[in-house]
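Undergrad: Let me give you the structure first, and then I'll get to my questions.
Computed from the coordinates by the stated procedures, all read-outs in this text should not be read as laboratory data. Note that the coordinates shown come from a computational prediction; the quantities given were computed from them, not determined experimentally. Cβ placement follows ideal geometry from the backbone for every residue including glycine, while neighbour counts extend to all protein chains displayed.
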Amino acid sequence: MKLIRNGFLFILLMLHFIFAETKSLVENNAIIVGTVTNSETNKPIQYASVTLIDKQSNKIISGQLTDIDGYFILSNSEKGNYLIEVQFIGFTPSIGNDFTFDPSLSTIFDLGTISIQPKELKISAVEVNAERPLYEATVDKKIYVIDQMKTTSGGTCCDVMKKVPSLDLGPNGEVSLRGSENVAVLINGKRAGIIGDERKSCAVAVPVPAAMIDRVEIITSPSAEYDPDGMTGIVNIILKEEKASGHNGELSINIGNTNKLNLGSILSYRNNKLNIFSKFSGEMIEQKSNGYYIENISDSLNSQHFKDNELYFMNFGAKYDISDRMLFTSEAKFTKYYQNDLNTTHYYGNLSGPYQVDSQNDGFAQVYELGFYKNFLNDSKLALEFSYDEQEKDLHEINVDLQSDLSRYQLDLRKIIFKADYYHNLSDNIKYETGYKGRFNTHDKNYNENNDNFQYDENIHALYSSGTFTLTEKLRSKVGVRLEQVSANTIINVAGAPTKTPNNYDQVYHSAHLAYIFNPYSNLKFAYSGRVNRPELKILDPFPQNQFVSLVDTVGNPNLKPEFIDAFEISYSLTKNKYKTDLSLYHHHIKDIIQGYYDINNNHVTYNNSGQGSLNGVDIMLKISPLTFWDFIFTSNYYSSKITGGTDDNLNGNTSGGIIRGISMFKMPNGGDLELSSTQQLSKKNTAGTVEGKFNLDMAYQISLYDDRLKLTCKAINILDNDIYDQNIEIIDNNVVTNIQSYKKYNNRTFYITIQYKFGNISK
């Protein structure tokens, strides 16, 4: 609670400062506002690029993306004659009639509604090369444009996750949001990756390169139309889509000095009705790591890992405009990965060894998707989506010294999803949506050495409804409810004798969002959402899994229940000419917490639902432009969690941590872009001990040639060469004190050269 108390004090001080600045903004600056809509449907267009241009000098004065309602705010304090340019992918760029703006007459100049046409026409107009801002916020999400992050250029989705504020990656690539790995990762609004053992691995779950990613959306309080999975929210990765007619594409290659290679391609063809596209990526990485594990000084081990990782992703799809108001889509996605980890471990003291383990992990996934979308004349919309997902994984772990199998199994996963959504504008002030989603999952895990089998089947039927209301000019709200019926069965087959354990439950999830618009440049938002964290497959599996570090088996519990979460958040946002700031406070209450603990009677680690918990924290974002050529973004997240009533007293107590990021972007005189990116991970303290903090520094320089068709990037990642995991633990059990220290160094300092080339007809 100390963290939250200090956070509230900080927020109060900042609000005092902000409101003072707001008054100054009204007195000393003026703004130009308006709304961008589709000329055919009259619906607002989200994320359209709006640019203010001085007519006389053809100079860009300011720019912004439209919000969820198509609304934009452009700061300007100079009298003059101006043009407004509006751009959005798939629409004709629009440059409206010139207008005279005089801030001495009015501090707010309303342009009204600007309609753009969903056609691809060439017009003679002012040539503008305005860039999308790195960061934007809407009523319910935060958006980060990946092309503006130069240090991610040519890299993987994992590289992107390391740079997006509030996100982080664990030692094994686990995606975390606000310090929790219980986060849902989506690609284009759909569940990403493998559901089972690998669902938390960024590399496997999201096998796309950074070059394919348009933006990343962080949704910390999702509304009812989203699945409630993910305690801290949703990470939605939006892929690029070229809208220009004819043939076009993009090729990229990324080479690192530590045997790292990334390849990517995007190809597409579009005519008036048909869009055919394909995407490919390949990643080949050799990783070396070393570390040690010491228990009570006397018992210890040293380990070295040599990993070979290969990951390939292919995506084929087509979109066909049946009419002006009907669209049909189809996609096929294929992922193939191979991981080989040779672990050489030397034991000292009472532990036996040495030990050399060769772990071979193969996986293949195929996904097929169909979609039908219909816009009606009464301003309503119907969306139908179907997907079939089939995945295979083979794990083979061998004791190299003894040439014996340690673990061997095959995992088969099948998932079918059907989704139907209906949207309707009841009036100018009321928007309504409702829908159904069915998820049918089957997980089949076979242990080849003794023919044991673990099967988990899960069927989820969900109905939702939500409404968006414009209550007054300043007050907006969105409320929703989602009802889920879950039917789950665990089947354990030992020696041909199956045992079935049912786990059925119904649950209602509510959501509510309220936004108060003080003025066009500042707002206050409150959000609530009900969430769930369903137990992952590996902690349900009752068959022993060996842990080589401690030489203790881990045994899952098929009777585990989900964790249920009530998530609250309050945030304040202010936009000024030279800076933008967002402040958020959040609180999560967690029921039926899943805890891992040591079962002394059976000498293994297992899991149980026990106790309650809470997660509290504060998010801070500050974007400033001190100079015309310099943009700086500062973000930080601090969190504190507490668990009470757990099975193991050693696990009850407080956990705290945080992460601070800074990104400086410079426009160089030669037209290039220089970026410096730093990350400070604060020490993470929990009931067992402390994971030491670390500081990383990255740098990138990018230059664009041939009308931005060719981009060359030089990067230095982990410049200080200190990507180190350092943990100290103290366990007290029956008055016996066990001290454990573990150390592991992961990624070495790496230098990259990235080449990206666009060809064909490219939309601007």
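Undergrad: Output wanted: per-residue J couplings in Hz (rounded whole) for the range 313-327, from phi through Karplus 6.51 cos²θ - 1.76 cosθ + 1.60, θ = phi - 60°, x for Gly and Pro.
TA: Result, rounded to whole Hz: 9, 10, 9, 10, x, 8, 10, 10, 7, 4, 8, 5, 10, 10, 9.
Undergrad: Quick one: P(r) of the range 380-539 from all Cα-Cα pairs, 5 Å bins, percents rounded to integers, in order of increasing distance.
TA: For the range 380-539, the binned pair fractions read 2, 7, 12, 13, 13, 11, 10, 8, 7, 6, 5, 3, 2, 1, 0 percent.
Undergrad: Still on this structure, please answer the following. Would you calculate the volume per residue, in Å³, of the smallest convex hull containing every Cα atom of the range 415-454?
TA: 64 Å³
Undergrad: Which trypsin sites (Lys or Arg not before Pro) does the range 446-536 hold that lie in a coil by DSSP with at most 15 other beta carbons within 10 Å? It would help to have the intermediate numbers written out before the result.
TA: Numbers: sites: 474, 476, 478, 482, 500, 525, 531; in loops: 474.
For trypsin sites (Lys or Arg not before Pro) across the range 446-536 that sit outside H, G, I, E and B with at most 15 neighbouring Cβ atoms in 10 Å, the list reads 474.
Undergrad: In Å, what is the Rg of the alpha-carbon atoms in the range 451-592, and how long is Dmax?
TA: 22.4, 71
Undergrad: To continue, here is another question. My understanding is that a pair violates if its Cα-Cα distance is over 28 Å; which of 374/623; 474/580; 260/415; 163/445; 43/142; 162/393 do that in this structure? Could the numbers behind the result be given before it?
TA: Working: 374/623 39 Å; 474/580 20 Å; 260/415 33 Å; 163/445 35 Å; 43/142 22 Å; 162/393 26 Å.
With Cα atoms farther than 28 Å apart: 374/623; 260/415; 163/445.
Undergrad: Sorted by average packing, counted as other Cβ atoms within 10 angstrom per residue and highest first, what order do 491-499, 249-257 take?
TA: Final packing ranking: 249-257, 491-499.
Undergrad: If you don't mind, there's one more thing I want to ask. Rank by packing, highest mean first: peptides 94-104, 627-637, with packing defined as the count of other Cβ atoms within 10 Å averaged across residues.
TA: Values: 94-104: 13.7, 627-637: 16.5.
My ranking of the peptides, most packed first, is 627-637, 94-104.
Undergrad: Quick check on packing: order 710-721, 560-571 by the mean number of other C-beta atoms within 10 Å, highest mean leading. Display every interim value, and only then the final one.
TA: On the way: 710-721: 17.8, 560-571: 19.5.
Result, highest mean first: 560-571, 710-721.
Undergrad: Tell me whether the range 274-760 comes out rounded, prolate or oblate; compute the Cα gyration tensor, take square roots of the eigenvalues as a ≥ b ≥ c, and use a/c under 1.5 as the rounded threshold.
TA: Working: a/c = 1.43, a/b = 1.24, b/c = 1.15.
Here the range 274-760 falls in the rounded category.
Undergrad: Let me ask something else about it. Would you mind giving the average projected area, over all directions, of the Cα convex hull of the range 422-515 in nm² with one decimal?
TA: With the hull built on Cα positions only, its mean projection is 8.1 nm².
Undergrad: In nm, to one decimal, how far is the modelled label at residue 362 from the one at residue 247, with both set 7 Å along Cα→Cβ?
TA: Result for the modelled spin labels: 3.6 nm.
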